Amino acid sequence: MGSFPLNAWYAAAYDVEVRQALFPRTICGLKIVMFRRSDGGVSALEDSCWHRLLPLSRGRLENDQVVCGYHGLVYNAEGRCTFMPSQETINPSACVRSFPVVQKHRFVWVWPGDPALADPAKVPDLHWNDDPAWAGDGKRIHVKCDYRLILDNLMDLTHEAFVHGTSIGNHAVAEAPSVVTHGNRFATVTRWMSDVQPPPFWAGQIRHARAYTGQVDRWQIIRFEAPATIAIDVGVAPAGSGAVPSGDEPGDRSQGVNGYVLNTITPETDRTCHYFWAFCRNYSLGEQRLTHELREGVAGIFHEDEIVLEAQQQAMDERPGQPFQNLNIDAGSMWARRLIDHMIGKESQGQRTIPLRSVA
Amino acid sequence: MGSFPLNAWYAAAYDVEVRQALFPRTICGLKIVMFRRSDGGVSALEDSCWHRLLPLSRGRLENDQVVCGYHGLVYNAEGRCTFMPSQETINPSACVRSFPVVQKHRFVWVWPGDPALADPAKVPDLHWNDDPAWAGDGKRIHVKCDYRLILDNLMDLTHEAFVHGTSIGNHAVAEAPSVVTHGNRFATVTRWMSDVQPPPFWAGQIRHARAYTGQVDRWQIIRFEAPATIAIDVGVAPAGSGAVPSGDEPGDRSQGVNGYVLNTITPETDRTCHYFWAFCRNYSLGEQRLTHELREGVAGIFHEDEIVLEAQQQAMDERPGQPFQNLNIDAGSMWARRLIDHMIGKESQGQRTIPLRSVA
Amino acid sequence: MGSFPLNAWYAAAYDVEVRQALFPRTICGLKIVMFRRSDGGVSALEDSCWHRLLPLSRGRLENDQVVCGYHGLVYNAEGRCTFMPSQETINPSACVRSFPVVQKHRFVWVWPGDPALADPAKVPDLHWNDDPAWAGDGKRIHVKCDYRLILDNLMDLTHEAFVHGTSIGNHAVAEAPSVVTHGNRFATVTRWMSDVQPPPFWAGQIRHARAYTGQVDRWQIIRFEAPATIAIDVGVAPAGSGAVPSGDEPGDRSQGVNGYVLNTITPETDRTCHYFWAFCRNYSLGEQRLTHELREGVAGIFHEDEIVLEAQQQAMDERPGQPFQNLNIDAGSMWARRLIDHMIGKESQGQRTIPLRSVA
């Protein structure tokens, strides 16, 4: 069984990465070349000439068409060959694969599987990333690990106490109980910490936005959307100010500060991935400097994870077949992996298959 | 089926590379140590001591014999052991393999296959490289690709329009028809472009040598000699000056300028090769500066190919089993590969085999 | 058959390398983390968390316990888990493997095999390294070769003539006969060179310590202790001063200078090793400067071997299956390899096996 499903939308690039130029990237083991057309849309083609395999990204973009850099074959935005050197008749089979593309929530989403199943309504929900009620920004990181290790990492935030002790972690996180729920595509881990001391990061945010210092009620509501997207509702409010939900009552967060950590991870190979993230907030919306500070601050925190994740992948590579052991804290990540395995299992069971020119 | 025949002469070094010193090089997957003897001849031995495998090239040359750098075993120029430490009797089986060598046309040619078949008359014809009627020089490049990709590249010069647009390429090359002929060891691609604008390189040459500016008749006559040598007869003459052959008439090139691009490519491994080339001309013979300029100019052009060829090899490695598609322009390279495959096929069909100590 | 036995003491570190901090090292293919406890003893644990495999050496040492750097699991000095985040009950199977450790002769010895067989009396004899009658010091070198190539190298010192001609080698070594004896765990090569010119190294030592210049009687008595330790008794005395043993008489070395080259080599993987060595002398004991000079001088000599050994390993990797040929000089190393093979053979024949979490 592979490690990722193909019939899914994966973030292939941040919106700003794709300009009117040839932009190569490997996703799900497939070498792809992307480019922005003059109509603003994005095309994604297999990055390999039909003739002699040279990466098309080595050529040039000319009038929304791709010219191969070796013998000059030309492909249109749908991947069909429109010119061959020294011959007038063009072989009708001469084309490279074209991938469905959707631009949404500031990402360019590509569907590496069966194009007939590529329903734009299935793009994961990361709307906070371009919602005017929220402000924020993010980055892409290339991480040398199985994308699922990042999902594990995000589904269990007790590691904050040990990996991120100087910013967002303290022992309250490791001690507070969490509740896990799940559906067919979603799994949610909810943790409320009542009347706790805020960690350095949140102490700074609530002091800045609400001029408040003191004990807080803190929440982390982690929502996984299969196969590779996690939106985390995080924040703190003055202790006892009503933020904690009670029964069916949602709680009043108006005196607190709220952020969303948006994460979508795209396998590059079985052992490497593209990690797209953003941090959005619902306070101090107009402060560009704060947006910049938060993005760089979160980047620093994620770099601490990156070191751990790559060391973990290397340890796994050195011990093929060595199983993971599970603790109570792993309930959320175990559900995420179960939902992913279900998607992969469905694909391998006699679903309609398509010819893939995948890279090794 | 392997990618190269063994019963063939391969250029192992440029003449100036081999001095009275141990010179290691891998050809056809075989680690070889070469050295010039005091009689001016060149010896080529297996580069691995019979005793403990240390590369002999780590030792030293002493009186036309090789002394191993570990335990001091001595081998003569034919590879026979003539000294062992702390013992008087020398094991008669103690020897390393010796390879047939011929020096011709400024190259040191080595025969990696069955020595009994090593006929010096079969050395490929690159006589322009030391013919007083021609002047020129060349280089060796190490290229990380299957040697046949370079043959493909040279057998179809339409790529000049797309890879070498600033020097020797223009659309005339991609548009002009070519004619392919072949024999048992040779394949020839002939392209005449009549009354065309010369590309920058040739415009400069004919202006320099003949003080001529204007339209030209241009020719490219590519002759492949199996398994790995290509001599290309190239040049331009004033349009209509009689250079174009007519029927059996060879044409009068006396008002033009003529060069030969000499190429012989030696597999190092299945995926890397040594590319030996030279550019010789029949005009301005005494101008050393021109020789220098042409060699460096051609080196720059070939570097453009090198980038494409290595990217192509990498694309192939990423897509094992992915076939090439062929266009009309590939007729010449397809013949070259057929002649190579024929040589390889003959070797694998019950020909006399020899023990090879080949490297992985 | 593997290349090394597991039921043996291997030097894992020089005493000074292991402090009160987490110190990772791979021995016999096993990733191990060592640390010095507050009682001065050394613990050696498997360097991989039971939970998610992260190397424990990425965490921190706290009160003689190891805290994992990802989720904070704590292990005591015996490898048993004593804390798990967010849960009170600790899985009784939660532990990492602990290795027997002995500190002796300035090395930390680890037993990678069955702990029940780890008898401290079997630690190899390198007592010169902390005997007050001897003075000296040494180093650890990481060498990219099978550890047995170093044993071969040390069991046959004729190579000194060809590899170390500027220091300890001259033709006398290659010409003098040697005698090989062996037992179940030991093999000894004895070479006496009578009335010879001393090589530069020994000429310097005997002039410095005994104010003597002139011909010497020289000895090299190489004692191998399976699987990976070699102590070499080396020295020179004025020619004819009685150092040469006669029949059962041990000889009188009192006018000479005597050193011991101590060597113990620990496989890291099949193709890399840790080479621990020291040079001890019985003269000029109080001269710190001489200790320093000798250590650096010997380090320079061993570096000449390192270059040869790594080239030899590379040559072997390029020629899988290519056998070594043996000369008379190889008698000692052949016995050493036979004793090693005997140990490996015993382990693979239905000896009690233990679960190993070995790295690839």
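Laid out as a table, the results:
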read-out	value
Residue check, A:GLY136 closer than 30 Å to A:PHE186 by Cβ and small (Gly, Ala, Ser)	yes
Failed item, numbered, when C:ASP156 is tested on (1) touching a Ser or Thr at 6+ places or on another chain (Cβ under 8 Å); (2) at pLDDT 95 or above	(2)
Filter result for A:SER86 (polar (S, T, N, Q) and touching a residue at least 24 places away in the same chain (Cβ under 8 Å))	no
Residue check for C:CYS28: over 30 Å from C:TYR275 (Cβ atoms) and crowded, with 23+ Cβ neighbours inside 10 Å	no
Scope region B:135-169; condition under 22 Å from B:ILE206 (Cβ atoms) and surrounded by fewer than 20 Cβ atoms within 10 Å (Cβ to Cβ); matching residues	B:ASP137, B:GLY165, B:THR166, B:SER167
Test: C:THR188 is touching a strand residue (DSSP E or B) at 6+ places or on another chain (Cβ under 9 Å), loosely packed, with under 15 Cβ neighbours inside 10 Å, part of a strand (DSSP E or B) and modelled with pLDDT of 95 or more	no
Any hit, region B:41-56, residues being at the interface with another protein chain (Cβ under 8 Å from one of its Cβ atoms), part of a loop (DSSP other than H, G, I, E, B) and charged (D, E, K, R)	yes
Single residue of region C:18-33 satisfying the filter (farther than 21 Å from A:GLN322 by Cβ and hydrophobic (A, V, I, L, M, F, W, C)) that is farthest from the other protein chains (Cβ to nearest Cβ)	C:VAL18
Wholly within region B:59-99, strands (runs of 3 or more DSSP E) carrying at least 1 residues that are among the polar types (S, T, N, Q)	B:65-67, B:81-83
Any hit, region B:117-124, residues being buried (at least 22 other Cβ atoms within 10 Å of the Cβ) and within 14 Å of chain C (Cβ to nearest Cβ)	no
Extreme residue, modelled with the lowest pLDDT, among residues of region C:87-113 that are under 13 Å from A:GLN325 (Cα atoms), in contact with a strand residue (DSSP E or B) (Cβ under 7 Å, 6 or more places away or on another chain) and of a type outside the set (Gly, Ala, Ser)	C:ILE90
When residues of region B:133-181 are limited to those that are out of contact with any helix residue (DSSP H, G or I) (no Cβ under 7 Å at 6 or more places or on another chain), part of a helix (DSSP H, G or I) and within 19 Å of A:LEU73 (Cβ to Cβ), the one nearest to the other protein chains (Cβ to nearest Cβ)	B:PHE162
Which numbered condition A:ILE329 fails, given (1) closer than 24 Å to A:PHE107 by Cα; (2) at pLDDT below 95; (3) of a type in the set (A, V, I, L, M)	(1)
Unmet requirement for A:SER194, which otherwise passes all of (1) in contact with an Asp or Glu (Cβ under 6 Å, 6 or more places away or on another chain); (2) within 14 Å of chain C (Cβ to nearest Cβ); (3) of a type in the set (Gly, Ala, Ser)	(2)
Sole exception among (1) at the interface with chain A (Cβ under 10 Å from one of its Cβ atoms); (2) exposed (fewer than 14 other Cβ atoms within 10 Å of the Cβ); (3) assigned to a helix (DSSP H, G or I) for B:PRO320, by number	(3)
Test for A:GLU306: is it acidic (Asp, Glu), out of contact with any Pro (no Cβ under 8 Å at 6 or more places or on another chain) and without any contact (Cβ under 8 Å) to a residue 12 or more places away in the chain	no
Members of region C:113-131 that are touching a Leu at 6+ places or on another chain (Cβ under 8 Å) and more than 20 Å from C:ILE230 (Cβ to Cβ)	C:GLY113, C:ASP114
Tally of residues being free of Cβ contacts under 8 Å to residues at least 24 places away in the same chain and farther than 18 Å from B:GLY300 by Cβ across region B:161-178	5
Single residue of region C:57-97 satisfying the filter (surrounded by 18 or more Cβ atoms within 10 Å (Cβ to Cβ) and of a type in the set (Ser, Thr, Tyr)) that is farthest from the other protein chains (Cβ to nearest Cβ)	C:TYR75
In region C:234-252, residue modelled with the lowest pLDDT [restricted to those that are under 23 Å from C:THR158 (Cα atoms) and not aliphatic (A, V, I, L, M)]	C:PRO245
Enumeration of residues in region A:102-148 that are charged (D, E, K, R) and in contact with an Asp or Glu (Cβ under 7 Å, 6 or more places away or on another chain)	A:ARG106, A:ASP125, A:LYS144, A:ASP146
Residue within region B:327-335 that is within 11 Å of chain A (Cβ to nearest Cβ), among the charged types (D, E, K, R) and either buried (at least 19 other Cβ atoms within 10 Å of the Cβ) or assigned to a strand (DSSP E or B) (or both) present	yes
Among (1) more than 28 Å from C:THR89 (Cα to Cα); (2) buried (at least 17 other Cβ atoms within 10 Å of the Cβ), the one test that A:GLN349 misses	(2)
Single residue of A:VAL257, A:VAL298, A:VAL261, A:VAL236 found to be under 21 Å from A:TRP202 (Cβ atoms) and either among the small types (Gly, Ala, Ser) or in contact with a Cys (Cβ under 9 Å, 6 or more places away or on another chain) (or both)	A:VAL261
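The values are calculated or read from the model by the stated rules, or taken from the named source; none is laboratory data. Everything quoted here is computed from the prediction, not taken from an experiment. Glycine also receives a Cβ, built like all others from the backbone with ideal geometry; neighbour counts cover every protein chain displayed.
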